[in-house]
Amino acid sequence: MSTFKYKFALLVDDNFIDNMINEKILNSSDFAEKVVIKQSCESAIEFLQEIADAGNPLPEVIFLDIRMPVKSGFDFLVEFQQINAPAKESVKIVMLSSSLDPNDHKKVSEFNNVTDFFGKPLTSESLKEI
């Protein structure tokens, strides 16, 4: 029987292939018992708001792509702060990017929930740091 590091993780990325790879890595690393994938910031925020409204716990870890159409990962971070949910401050947000833009790294530091910044795709080694 597997022992998972976390109960619930959310993966927010508009790229189907990245999601497939990252989900496979999360599952093979026994990272989270439940992994939910959302392909846009809008659907992810909506999903999290529904969870909060129902009084259910938010995911312990959110993997968030920076560059997405319509709303970016930074837009998500701003909207995430508006969600009213207990223990929201304990949610770890891991930014995922293929970008090496130093401005992204700097901008990420403005958000308390962001705990890590990883290049894509995830690796089982990087998961050990979370």
Check: Of the residues that sit in region 1-44 and are assigned to a loop (DSSP other than H, G, I, E, B) and not polar (S, T, N, Q), which one is most open to solvent (accessible area, probe 1.4 Å)?
Finding: Met1
Check: So how many residues does region 10-39 have that are closer than 13 Å to Met68 by Cα and basic (Lys, Arg)?
Finding: 1
Checklist line | Those residues of region 88-111 which are out of contact with any Ser or Thr (no Cβ under 9 Å at 6 or more places or on another chain), not aliphatic (A, V, I, L, M) and not in a helix (DSSP H, G or I), in sequence order | finding: Ser97, Ser98, Ser99, Asp101, Ser109, Glu110, Phe111
Next item on the list: Select from region 77-120 the residues that are of a type in the set (S, T, N, Q) and over 16 Å from the mean Cα position of the chain (by Cα) and list them in ascending order.
Entry: Gln82, Asn84, Ser99, Asn103
Next item on the list: Restrict the check to region 64-74 and report whether at least one residue is hydroxyl-bearing (Ser, Thr, Tyr), at pLDDT below 95 and open to solvent by less than 70 Å² (accessible area, probe 1.4 Å).
Entry: yes
Note to self: If I filter region 112-127 down to residues being outside any helix (DSSP H, G or I) and in contact (Cβ under 8 Å) with a residue 24 or more places away in the chain, which single residue comes out as least open to solvent (accessible area, probe 1.4 Å)?
What the structure shows: Leu122
Next item on the list: Could you give me the residue pairs with C-beta distances under 7 Å whose first residue belongs to region 15-36 and is touching a residue at least 24 places away in the same chain (Cβ under 8 Å), whose second residue is of a type in the set (Val, Ile, Thr) and open to solvent by 40 Å² or more (accessible area, probe 1.4 Å) wherever it lies, and which are 6+ apart or on separate chains?
Entry: Ile25/Thr123; Asp30/Thr3
Note to self: Among the residues in region 84-101, are any open to solvent by 80 Å² or more (accessible area, probe 1.4 Å), within 21 Å of Asp116 (Cβ to Cβ), out of contact with any strand residue (DSSP E or B) (no Cβ under 7 Å at 6 or more places or on another chain) and hydrophobic (A, V, I, L, M, F, W, C)?
What the structure shows: yes
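The values are calculated or read from the model by the stated rules, or taken from the named source; none is laboratory data. Keep in mind that this is a model prediction, so the values were computed, not measured. When we count neighbours, we look across all protein chains shown, and the Cβ atoms used for this are built from the backbone with ideal geometry, even at glycine. To get the accessible areas, we keep the full protein, side chains included, count just its heavy atoms, and leave off ligands, DNA and RNA. Shrake-Rupley method; radii C 1.70, N 1.55, O 1.52, S 1.80 Å.
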